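In what follows, a structure is listed as structure tokens, so that the remarks can point back to it.
Nothing in this text is a laboratory measurement; each read-out follows from the coordinates by a stated rule. Owing to the predicted nature of the structure, the values given are computational and were not obtained by experimental measurement. Ideal geometry is used to build each Cβ from the backbone, glycine not excepted, and the neighbour counts take in all protein chains shown.
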Amino acid sequence: MIRTRFAPSPTGFLHVGGARTALFSWAYARRHGGRFILRVEDTDLARSTPEAVQAIFDGMRWLGLAHDEGPFYQTQRMPRYREVIAEMLAAGTAYHCYMQPDELDRLRAEQREQGRKPRYDGRWRPQPDKHLPAPPAGIEPVVRFRNPADGVVAWEDLVKGRIEFANSELDDLVIARADGSPTYNFCVVVDDWDMGITHVIRGDDHVNNTPRQINILQALGAQVPLYAHLSMILGDDGQKLSKRHGAVSVMQYDDAGYLPEAVLNYLARLGWSHGDDEIFSLQQFCEWFDLDHITPSAAQFNSEKLNWLNAHYLRRCDAGRLADLVRPRLAARDVVVGETPSLAAIIELHRDRVGNLNELADVAEPFYIDLQPRSELLARHLTPETLPLLDDFAARLGEVPWQAAAIAALIKECVARHGLKMPKLAMPVRVLLTGLEQTPSVDALIALFPRATALERLARAGRLASPATDAAA
RNA sequence: GUCCCCAUCGUCUAGAGGCCCAGGACACUACCCUUUCACGGUAGGUACCGGGGUUCGAAUCCCCGUGGGGACGCCA
């Protein structure tokens with residue numbers, strides 16, 4: 001049984017990198033009928049917050065990535081960590097170290113100066129023929145893992161291939177602080193072990209932790225899971241994402257009017273591929289997803305492609321669902337959505353001309369408010385040339401069957417009778433009905449309104465046209 | 001500094017020795033459609049980081065450069 005996990009540390013929101021890691025872990029479990037476990041790595045008390053935990057859950061829920069087990073919290077597993085540390089101390093795979101932080105700092109600075117890799121020198125590490133000094137009084141020791149002194153640690157990374165580290169490169173890392181609290185690399189190992197994780201799918205930045213974790217796992221006699229390290233996602237500009245630079249919460253995509261399926265599809269395609277396929281459902285993704293087709297190199301986020309995908313999903317999404325998603329956005333603008341025209345009908349007519357839900361709200365808004373077209377637009381389109389045509393058209397619109405086709409016929413007829421081009425009528429109608437110069441074809445637009453509303457908005461032509469124009473007309 | 005990773009169009013990528021003088025998608029340009037703006041359709045340009053090998057043959061394998069990234073915490 002395949003068991004994967006997503007293990008965020010709750011120090012901020014769920015950003016795109018984390019979301020993709022979660023997606024891949026989730027999909028891998030789905031694909032193989034396995035289990036997907038959510039684990040909150042909150043051992044850093046100073047930086048972890050309940051708000052951040054909630055933000056991560058919110059992001060996962062928005063994306064629809066449900067976990068099968070958990071969430072587990074590392075802060076609730078302290079007794080278990082202490083137990084394992086005691087066992088390791090007893091077994092001699094870990095030992096007490098009394099070196100003080102400032103001493104360590106000095107050592108590291110020295111090493112760096114000499115061009116060497118800064119690392120603990122093993123002074124408290126017990127050796128067969130070594131005489132350890134007596135523990136200094138009044139100092140609480142840390143616990144260090146006794147890393148193998150030589151040989152290599154290697155694993156077959158499912159994304160990057162074989163990776164090998166010399167044990168001589170690794171020092172004895174601290175697994176418990178002076179206050180007894182366990183450290184990250186140790187907790188991860190115990191958790192992955194206890195939770196029976198078979199595939200660790202995580203960010204690239206953990207490659208350097210992996211050899212240490214494998215060594216601890218082996219010291220514990222635990223089964224070593226398989227690892228897949230995903231390369232990072234860069235910002236639109238090729239720069240690393242950070243809090244102050246482009247790292248946005250997935251929930252900001254919700255705010256910006258993106259559909260979760262568009263974000264998911266985009267993320268799936270970032271660093272993974274299935275031949276030339278670009279657009280596919282989550283379900284299709286689960287059937288196709290494998291670790292063999294993940295790119296080992298970093299990927300740059302491309303908003304334009306996300307926009308394209310979002311527009312695509314907007315076009316094929318159920319109009320009723322879109323209406324439900326747009327309604328709160330209109331409410332946030334204090335726009336009261338009326339009975340007619342129905343929001344779904346407006347959306348149906350506009351969906352293939354917009355890129356996101358907010359733009360959908362933009363085009364829906366004029367239907368429900370007391371519209372005041374901008375004067376320069378009126379001036380531009382309500383001209384002496386067009387006003388008679390407009391009047392004539394408005395007058396006859398009262399009798400025509402209320403369907404786009406019939407209205408279209410009337411438009412053509414009026415335009416022809418006045419010897420003018422189509423836009424001479426279409427443009428002022430657009431502005432009078434919606435306040436916009438760009439709308440769907442006017443026949444369909446008019447048909448969307450109740451007849452009385454359409455007539456009323458068109459009737460304002462005379463009132464709104466400037467006196468000078470009136471006189472001229 | 002040391003260790004580790006990465007390297008195909010502007011971007012995401014296909015490509016696992018001949019199917020590739022490199023394919024798809026986004027973006028871009030032109031044209032078509034057209035009641036404005038879009039959508040859509042058609043066409044087009046742009047890439048294998050450099051140098052050495054291996055091989056009859058390399059984008060694909062090896063080595064060396066170069067460039068980018070990551071890690072070196074009693075953070076996660």
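Descriptive notes on the structure:
- Of A:Ala332, A:Val224, A:His15, farthest towards positive along the dipole that unit charges on Lys, Arg, Asp, Glu beta carbons give chain A: A:Ala332
- Here segment A:14-159 is assigned +1 on the Cβ of each Lys and Arg and -1 on the Cβ of each Asp and Glu. Its dipole about the Cα centre then comes out at about 260 debye.
- Pairwise label distance in nanometres, A:Ser297 with A:Asp392, each label 7 Å out on the Cα-Cβ vector: 6.4 nm
- Each DSSP beta bridge with both residues in chain A is either parallel or antiparallel, and the antiparallel ones are about 50%.
- Classified by the C-alpha gyration tensor, segment A:385-465 has a rounded form. Its axis ratio a/c, with a ≥ b ≥ c, is below 1.5.
- Eligible lysines near A:Lys412 by straight Cα distance, threshold 22 Å, same-chain separation 8 or greater: A:Lys421, A:Lys424
- For chain A, the longest principal axis of the alpha carbon atoms and the long axis of helix A:50-63 meet at an angle near 60°.
- With the biggest extent put first, the Cα atoms of chain A measure 110, 43, 39 Å across the principal axes.
- Förster radius 35 Å - calculated FRET efficiency between A:Asp276 and A:Leu234, Cβ distance, rounded to 0.05: 0.90
- Dipole check for chain A: with +1 at the C-beta of Lys and Arg, -1 at the C-beta of Asp and Glu, and the Cα centre as origin, the magnitude is about 220 Debye.
- Farthest positive-ward along chain A dipole, Cα basis, beta-carbon charges - from A:Thr43, A:Phe72, A:His418: A:His418
- For GluC sites (Glu not before Pro), no site in segment A:29-120 is both called loop by DSSP and has at most 14 other Cβ atoms within 10 Å.
- In this rough spin-label picture, where each label sits 7 Å from Cα along the Cβ direction, the A:Leu455-A:Ala416 distance is 2.6 nm.
- Cα-based reach from A:Lys240 at 27 Å (exclusive), listing lysines while leaving out same-chain residues under 8 positions away: A:Lys117, A:Lys160, A:Lys305
- The residues packed around A:Tyr28, meaning those with a beta-carbon under 14 Å from its beta-carbon, carry a net charge of +3 if Lys and Arg are +1 and Asp and Glu are -1.
- For segment A:1-155, the relative contact order is 20 percent, taking Cα pairs closer than 8 Å that sit 6 or more residues apart in sequence and dividing their mean separation by the residue count.
- Protection proxy ranking, highest mean first, for peptides A:1-10, A:350-359: A:1-10, A:350-359, where packing is the per-residue count of other beta-carbon atoms within 10 Å, averaged.
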